[in-house]
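What follows is a single structure, written as structure tokens, with notes after it.
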């Protein structure tokens with residue numbers, strides 16, 4: 001047993017986040033902790049990492065366990081360069097290397113050779129330290145650093161770059177690179193896939209699959225969880241339930257459990273109703289009062305079954321088009337994307353050409369910074385078209401979702417934010433739509449400024465639904481959403497009868513919805529039929545053919 005938690009409880013003020021949580025993690029296991037936003041997943045990781053104290057319970061960790069913990073805030077030394085920060089992982093080995101250089105200087109001193117005994121002592125120390133340095137991989141330090149940095153997408157960046165000059169996403173990737181270099185036998189990762197592009201995600205998955213230690217991860221990336229983990233702890237209603245399998249298996253098992261729980265709950269409720277009716281009918285009767293009192297005691301002693309949470313997948317969230325478009329939806333010809341650099345407009349992508357037909361579901365992918373969001377903004381006229389031609393088809397109505405939610409008004413309530421944009425829609429329908437996006441009666445009076453990123457995303461998506469457009473242009477709709485909200489949104493878009501063009505870093509989402517993949521590079525767009533898995537297979541096939549061609 002590498003790690004064991006027994007009856008862990010944690011309360012913040014009057015809010016109990018974790019209650020009686022128990023976990024067992026064996027060496028070599030790949031474990032995910034999942035749950036809705038705010039369930040206590042990151043709190044649990046912080047408790048295990050000793051970053052946060054718990055109120056009661058016990059934690060037992062195997063002696064000698066070396067832990068690496070990727071926090072959501074990077075913990076990097078921002079004044080250091082990329083190279084010096086990565087080198088700091090090997091500080092003990094670098095000290096040994098310095099000692100070896102000093103011993104080499106001593107051995108080169110002619111006067112030392114005159115004292116055979118002292119010379120032998122220096123040689124012995126050198127041999128001992130040299131053997132340790134080799135065994136611990138001292139001569140591979142630079143190679144290891146370069147390999148990890150390349151895998152995490154830093155191959156084109158100078159290693160002399162100061163960390164404070166990096167973007168938030170780059171800092172996250174660098175922090176993860178540093179953790180991987182430490183090679184702990186317990187690797188704890190809090191949202192490791194945030195800010196990673198598809199190429200880096202694929203590299204990370206391959207690396208972690210061959211990792212010999214134990215992995216505990218909190219992630220909203222369902223594709224990542226399906227690929228990596230074999231044990232899932234579901235944090236719900238302050239406790240954690242263990243499931244064996246990957247994410248897809250967990251979803252099926254949880255649904256089966258929910259259905260069984262629902263049946264048991266309904267049977268007990270019916271039993272309680274019958275017993276309570278008996279008490280009411282007989283409590284005042286002289287002949288049956290004693291029996292009724294015994295029945296009441298029996299009710300009081302019963303262990304009540306909690307009402308199961310609603311099946312979120314059966315949400316009323318539905319995207320539908322008011323009127324269908326004509327068959328031809330969009331033509332894009334010879335479009336260049338330009339950005340300002342040092343006061344000059346320079347192209348980031350040139351010669352973009354593609355078409356959309358009614359019913360297409362296009363997943364737009366590409367490296368971070370290649371211009372995916374810029375292209376969508378240009379298509380919907382949120383950004384000026386520099387050159388080329390964009391032609392929308394007849395009868396096309398566009399619904400645009402911006403991942404930054406720039407159109408939301410912080411001072412408005414949720415209800416007014418939506419209703420002000422759709423004043424002719426009945427109040428009851430506005431409330432119903434917000435309810436389908438999991439905003440309950442009390443929630444709709446919250447101000448937008450007080451909402452989390454996920455809640456703002458759901459408000460913007462609710463407005464998108466009310467548009468009833470037949471062409472959806474969507475930029476990162478799953479950002480900030482928890483696993484279960486993603487499942488609901490996925491189901492809703494899957495039933496949409498219009499045309500979709502979307503950007504998403506969520507490969508599970510892309511896999512489920514896309515019937516074509518458009519890969520955006522600096523040279524333009526290349527299309528692939530099928531979903532994300534089909535795209536990966538086709539790319540691998542093309543690489544294999546190219547390799548065979550080059551060697552023949």
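The values are calculated or read from the model by the stated rules, or taken from the named source; none is laboratory data. Since this is a predicted model, take the numbers as computed values, not measurements. Reconstructed Cβ throughout: ideal geometry from the backbone, glycine too, with neighbour counts over all protein chains shown.
Could you list, in sequence order, all residues of the range 212-260 that are surrounded by fewer than 20 Cβ atoms within 10 Å (Cβ to Cβ), closer than 19 Å to residue 17 by Cα and in contact (Cβ under 8 Å) with a residue 40 or more places away in the chain?
Hits for the range 212-260 are 236, 237, 238, 239, 242.
Residue-wise test of (1) closer than 30 Å to residue 491 by Cβ; (2) touching a residue at least 24 places away in the same chain (Cβ under 8 Å).
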{"position": "287", "(1), (2)": "no, no"}
{"position": "306", "(1), (2)": "yes, yes"}
{"position": "330", "(1), (2)": "yes, yes"}
{"position": "333", "(1), (2)": "no, yes"}
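Could you please let me know if residue 439 is touching a helix residue (DSSP H, G or I) at 6+ places or on another chain (Cβ under 9 Å), in a loop (DSSP other than H, G, I, E, B) and crowded, with 19+ Cβ neighbours inside 10 Å?
It is true that residue 439 is touching a helix residue (DSSP H, G or I) at 6+ places or on another chain (Cβ under 9 Å), in a loop (DSSP other than H, G, I, E, B) and crowded, with 19+ Cβ neighbours inside 10 Å.
So which of 389, 340 is within 32 Å of the chain's Cα centre (by Cα) and either modelled with pLDDT of 95 or more or not assigned by the TED database to the domain that holds residue 199 (or both)?
Criteria check complete, one pass: 340.
It is to be established whether one or more residues within the range 172-192 are assigned to a loop (DSSP other than H, G, I, E, B), within 24 Å of residue 520 (Cα to Cα), without any contact (Cβ under 8 Å) to a residue 40 or more places away in the chain and under 21 Å from the mean Cα position of the chain (by Cα).
For the range 172-192, residues assigned to a loop (DSSP other than H, G, I, E, B), within 24 Å of residue 520 (Cα to Cα), without any contact (Cβ under 8 Å) to a residue 40 or more places away in the chain and under 21 Å from the mean Cα position of the chain (by Cα): absent.
Residue 363 fails exactly one of the following numbered conditions: (1) under 35 Å from the mean Cα position of the chain (by Cα); (2) outside the structural domain of residue 498 (by the TED database). What is the number of that condition?
(2)
If I go through the range 89-99 residue by residue, how many of them are in contact with a helix residue (DSSP H, G or I) (Cβ under 8 Å, 6 or more places away or on another chain) and over 17 Å from residue 147 (Cβ atoms)?
Residues that pass the stated criteria total 4.
Looking at the structure I just gave you, is residue 528 modelled with pLDDT of 95 or more and touching a helix residue (DSSP H, G or I) at 6+ places or on another chain (Cβ under 9 Å)?
Answer is yes for this residue.
From 229, 218, grab the single residue that is in contact with a strand residue (DSSP E or B) (Cβ under 6 Å, 6 or more places away or on another chain) and under 17 Å from residue 37 (Cβ atoms).
From the options 229, 218, the qualifying one is 218.
Could you list, in sequence order, the residues of the range 458-481 that are closer than 12 Å to residue 400 by Cβ, under 17 Å from the mean Cα position of the chain (by Cα) and in a loop (DSSP other than H, G, I, E, B)?
Answer for the range 458-481, where residues must be closer than 12 Å to residue 400 by Cβ, under 17 Å from the mean Cα position of the chain (by Cα) and in a loop (DSSP other than H, G, I, E, B): just 477.
Out of 332, 346, 339, which single residue is surrounded by 18 or more Cβ atoms within 10 Å (Cβ to Cβ) and touching a strand residue (DSSP E or B) at 6+ places or on another chain (Cβ under 7 Å)?
332
Given the conditions (1) at pLDDT below 90; (2) in contact with a helix residue (DSSP H, G or I) (Cβ under 8 Å, 6 or more places away or on another chain); (3) within 27 Å of residue 71 (Cα to Cα), report the number of the one that residue 145 does not fulfil.
In the conditions (1) at pLDDT below 90; (2) in contact with a helix residue (DSSP H, G or I) (Cβ under 8 Å, 6 or more places away or on another chain); (3) within 27 Å of residue 71 (Cα to Cα), residue 145 misses (1) alone.
Go through the range 261-288 and give me each residue that's farther than 28 Å from residue 243 by Cβ and surrounded by 13 or more Cβ atoms within 10 Å (Cβ to Cβ).
272, 275, 276, 278, 279, 282, 283, 288
Find the helices (runs of 4 or more DSSP H) located wholly in the range 39-129 whose residues include 1 or more that are surrounded by 12 or more Cβ atoms within 10 Å (Cβ to Cβ), modelled with pLDDT of 90 or more and assigned by the TED database to the domain that holds residue 189, and list them.
41-48
Any idea which of 193, 172, 200, 212 is in the same structural domain as residue 34 (by the TED database) and out of contact with any helix residue (DSSP H, G or I) (no Cβ under 8 Å at 6 or more places or on another chain)?
Only one candidate passes the filter, namely 212.
With the requirement that a residue be in a loop (DSSP other than H, G, I, E, B) and in contact with a strand residue (DSSP E or B) (Cβ under 6 Å, 6 or more places away or on another chain), what does the range 499-521 give you?
514, 515
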